[in-house]
Every structure is written in structure tokens, then in C-alpha cells.
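Each remark here refers to the structure printed beneath this line.
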Amino acid sequence: MELGLFQQQNLSLVMTAELRQAIAILQYPCYELSQFLQEQAVENPLIELADSPVFFNTDKKKALQKSKTTQDADVIGMMQPAEETMHDRLLHQALAIPASDEIAAVVRYLILNIDQAGYLDITEDEIKQRFGISTERYEEAIDWLHQLEPAGIGARNLRECLLLQLKSLGMEDDLSYLIADTHLDQLADRKIKQIAAALGTDVQAVEQAADFILTLDPKPGQKLSSHSELGYLYPDLSVFEDNGTYKLAINDHFTPKVQLNESYAHLLKSKASGAAQYLQEHYQKLQWLQKSLEQRKNTLIMIAKEIVSVQQNFLKRGPEHLIPITLREVAERIGMHESTVSRAVKNKVIQTPKGAFELKYFFTAKIETVNGENASAQTAKLAIRKVIEAEDKAKPLSDQAIAEMLASEKGLSISRRTVAKYREELNIASSSKRKRYS
């Protein structure tokens, strides 16, 4: 042991701010990328945004470009006004409640404590303690809350949510109401016979009532959510057929082109030290941003071209003909690291002649067939879904029976456990819960 000064050289990987930005840009889907670029333009006066859709052909390396400078009015037009939230809409409804000021204040506070699914996320004791009210006054506020739309909003649990919806339909005397009120747990387990016996009715009536309960909304808050109403997909890429050839397009409609604001070009040559340093720093940020965007585009093109090349049968005939391919295989073919490919496909959507799919949909595990070939996990899932859709609902197939059918009829060699795994991923219930009595 001794004390002293020693020199030592070490190699270490440093994650610079620029590298972190490049990784983030690679992962952004087109709509998030556009928002990010708008933010960068606000922070950096040297950045000017211009529209620039670019189209690529899978069998040609050249690109056809067209650009138009975005005017200030266009930028302002892209800024969407703040949309009403679920709480805003409920508070607006609450203005019409003919309750006392005290109860109205409680109702407003209750509204602000409703989660995005539509359930009340605060306890009775917390409310009573905060407002110093009795149980009766608390229940009065809850009654007013439950008169808001949609029916079921502000419920304290699933049972109350379903009962509120049934009550709004005038079905308090219906068998559905009684089942939701007293046998919800058994209904979740599809114990139809037990419910029928307990209520002194037949299984057909119980099953019919259960079917109606399934039409109710277990998350009424989503009806008031701005995001839930926007069922749009913004494809980052598109594949279309042109005279028997599949062509690839990069969808830059929502992604403005980043370029230098010419108003500052002459100032970059300024000799004033303070201004020059400031402008040079922001100019370097602009250049790095442009480089990161170009890398993102080139990476997506390379990955998409490989997918289009491999998945010709899928594009012609549909999901059942998806060829299994892994991230590692694509990474090796295009000369990139697997982690880069993984980041690039994250949250990206591609529009194909067979519908819109996430890019990660095309990367799937390989399943061996009885003839020694490979099929994709997606193919197996589609086969499982079709088998279950065609089964006798009075005698649903077990996972083992499905596995045997897939082997004999489809040539897919998968175990019972794998069938169960894929069935759960498809949100399909087990055979005992799929059984029907009518």
C-alpha cells in the first residue's frame, strides 16, 4: 500500500448530447418527429422548416423531390388549439347541476379525481375530511356526479359502473342488472350454470343477459378522452403496387424539411465575437439535426426495402403468408447493429396493400412445420383464431386439441403451451370460458 500520483489510460463510451438526440430521432414516429422539429425551430433561430415529401422506388435508387418553403401562416396553421380534456367536458356539464354551492364544489373536486378510464380515484374518507361533510352529503354529491354523461362516469368500481349504465337504460328490473349486482365475479369466470342455479333461472336466460352486459362500456372515461376519439394511424412509410412492382414511399407529409434560415446566412460570417460564437453553436446544432434526420430516413428506407423484398407473398396474398424474419437477420443483411434496427422500427407504421401494420409486426419468431420448413408466429396466431372461430361453441376445443388440429391440417408443429400463449396474446378466453349454452 502506498500513496502517489499515477497516470492511467482508459477507454470509455461517452453518450454525447448529439448522440442521444440522434437515437431519439431514430425512434420518433412521423407525427412525434414533426412536433420535435417544431420545438427545435422555436429554440434555434437558424432553423427554418419547409415541406418536402420524398418518394422512393424499391427498384431504383433515385428520389423524386419537391419542396415548398413553409410560410409563417402555414406554421401557425399547424399549431392545433388545445383540445378539451375529459375533465374539462365533465366540469362543463357540472355547471348545469342545480345543487347547493357546497355540493357543487364537492362534485367539481370529484370530477378532478376521475382517472382516464372514468373511475373515481379518491376515497370517501378523503372527501369527507377535506370538505367536512357527512356521509349523507357525500352520497348526495356522488348522486349528482353519476348523472353526468356518459353513463357510468365517476363510478367507484366496475360493478357500480355497469349498474349505472343499466339504470340509465331503465333496466333495474332486468336479469342483467341482477347478475351485474350480485354475480359479477362468477360472470367473469363464465360460471353460467352456477349463476342460473343461484338465481333460479335457466342457463339460456343467463347467457343472454351476460351477452348484453358485455355490450356495456367498462371504461366510459375513454369516450371523453381526446386521444381515444382519434383512431388515426400516421404511416411513416407506404408500399403500393405499380404494374406488378411494389414501390416504397417515405411519408414526409407531417415531417417538414429542416434548412438554414437565410436571414441569418450573412451573419454567420460576422466578425463580432459574441454573435459569431452564438451563431456558430446554433449552426452546428442545425447541421447535426440535419445529419440525424438523414440517417433516420436512410435507416428506415434500408429496413423497409428488406421487408418488401422478403414479404412479397404477404403483399400479394395477406397475413397468412407472412415469412418469419428476425431483427438480427435484417440487421445482418443491411449491415447495421440489431439494436439500431430495433430502435428504428419502434412505433413506426407502414401502409401496405393489405392494411396498415406496425413495422415490428414483420419481425416474428419462426415455427417449424411438419415438412421441415418455417412459418411465422403471426401465421400460427391467425390459424388459431380461425380454428376457434369455427369450433362448436357448445363444445369448445382445448388448447391440446387445437395444437393437434394445427399439426394435422396446417402442418404447424407447436405445443399446447404455445397455443395457450398465442391464444392469450390474441385475448381469446380458455375453452371453459368460451362455452355457450345457446
task = Mind listing whichever residues of segment 288-315 are of a type outside the set (S, T, N, Q), farther than 15 Å from Phe362 by Cβ and over 24 Å from the mean Cα position of the chain (by Cα)?
result = Trp288, Leu289, Lys291, Glu294
Subset of segment 343-361 [open to solvent by less than 30 Å² (accessible area, probe 1.4 Å) and in contact (Cβ under 8 Å) with a residue 12 or more places away in the chain] = Ala344, Val345, Lys348, Val349, Ile350, Thr352, Leu359
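Mind checking whether some residue in segment 233-242 is open to solvent by less than 80 Å² (accessible area, probe 1.4 Å), of a type in the set (Phe, Trp, Tyr) and assigned to a loop (DSSP other than H, G, I, E, B)? It would help to see each step written out before you state the result.
Going through segment 233-242, the residues open to solvent by less than 80 Å² (accessible area, probe 1.4 Å) turn out to be 234-239, 242.
Among the residues that remain, those that are also of a type in the set (Phe, Trp, Tyr) are: 234.
Keeping just the survivors that are assigned to a loop (DSSP other than H, G, I, E, B) gives 234.
The answer is yes, given that some residue of segment 233-242 is open to solvent by less than 80 Å² (accessible area, probe 1.4 Å), of a type in the set (Phe, Trp, Tyr) and assigned to a loop (DSSP other than H, G, I, E, B).
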note = Subset of segment 388-407, residues open to solvent by 90 Å² or more (accessible area, probe 1.4 Å), more than 14 Å from Ile428 (Cα to Cα) and in a helix (DSSP H, G or I), comes to Glu404
Selection status of Glu136, of a type outside the set (A, V, I, L, M, F, W, C), free of Cβ contacts under 8 Å to residues at least 40 places away in the same chain and not in a helix (DSSP H, G or I) = no
remark   = Among residues of segment 110-133 being in contact with a helix residue (DSSP H, G or I) (Cβ under 9 Å, 6 or more places away or on another chain), open to solvent by 70 Å² or more (accessible area, probe 1.4 Å) and assigned to a loop (DSSP other than H, G, I, E, B), the residue farthest from Lys219 (Cα to Cα) is Leu112
ask   = Given Thr364, Thr340, which one is in contact (Cβ under 8 Å) with a residue 40 or more places away in the chain and part of a helix (DSSP H, G or I)?
value = Thr340
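Over 30 Å from Lys297 (Cβ atoms) and either open to solvent by less than 30 Å² (accessible area, probe 1.4 Å) or among the charged types (D, E, K, R) (or both), is that true of Ile414? If you could, list the steps in order and put the result at the bottom.
Details: over 30 Å from Lys297 (Cβ atoms): yes; either open to solvent by less than 30 Å² (accessible area, probe 1.4 Å) or among the charged types (D, E, K, R) (or both): yes.
Against the criterion (over 30 Å from Lys297 (Cβ atoms) and either open to solvent by less than 30 Å² (accessible area, probe 1.4 Å) or among the charged types (D, E, K, R) (or both)), Ile414 qualifies.
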Residue list for segment 320-337, filter: open to solvent by less than 70 Å² (accessible area, probe 1.4 Å) and either among the charged types (D, E, K, R) or assigned to a helix (DSSP H, G or I) (or both) = His321, Leu327, Glu329, Val330, Ala331, Ile334
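Residue under question is Glu207, and the condition is that it be open to solvent by less than 20 Å² (accessible area, probe 1.4 Å) and either part of a helix (DSSP H, G or I) or modelled with pLDDT of 90 or more (or both); does it hold? Quick ask: steps written out before the conclusion?
Details: open to solvent by less than 20 Å² (accessible area, probe 1.4 Å): yes; either part of a helix (DSSP H, G or I) or modelled with pLDDT of 90 or more (or both): yes.
Yes, satisfied.
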Only one of Leu224, Leu214, Leu230 that is surrounded by 14 or more Cβ atoms within 10 Å (Cβ to Cβ), modelled with pLDDT under 95, under 29 Å from the mean Cα position of the chain (by Cα) and under 27 Å from Gly152 (Cα atoms) = Leu224
query = Is there a residue in segment 420-437 that is open to solvent by 80 Å² or more (accessible area, probe 1.4 Å), touching a residue at least 40 places away in the same chain (Cβ under 8 Å) and in a strand (DSSP E or B)?
reply = no
query = So which of Lys271, Lys291, Lys305, Lys297 is out of contact with any strand residue (DSSP E or B) (no Cβ under 8 Å at 6 or more places or on another chain) and modelled with pLDDT of 90 or more?
reply = Lys291
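Out of Gly170, Gly152, I need the residue that is free of Cβ contacts under 8 Å to residues at least 40 places away in the same chain, on the phi > 0 side of the Ramachandran plot and either open to solvent by less than 10 Å² (accessible area, probe 1.4 Å) or in a loop (DSSP other than H, G, I, E, B) (or both). Which one? Don't jump to the end; show me each part of the working.
Working: Gly152 fails: free of Cβ contacts under 8 Å to residues at least 40 places away in the same chain.
So the residue among Gly170, Gly152 that is free of Cβ contacts under 8 Å to residues at least 40 places away in the same chain, on the phi > 0 side of the Ramachandran plot and either open to solvent by less than 10 Å² (accessible area, probe 1.4 Å) or in a loop (DSSP other than H, G, I, E, B) (or both) is Gly170.
The values are calculated or read from the model by the stated rules, or taken from the named source; none is laboratory data. In this text, all values refer to a predicted model and were calculated from it rather than measured experimentally. All Cβ positions, glycine included, derive from the backbone under ideal geometry; neighbour counts span all protein chains shown. Only protein heavy atoms, including side chains, enter the accessible area calculation; ligands, DNA and RNA are left aside. Shrake-Rupley method; radii C 1.70, N 1.55, O 1.52, S 1.80 Å.
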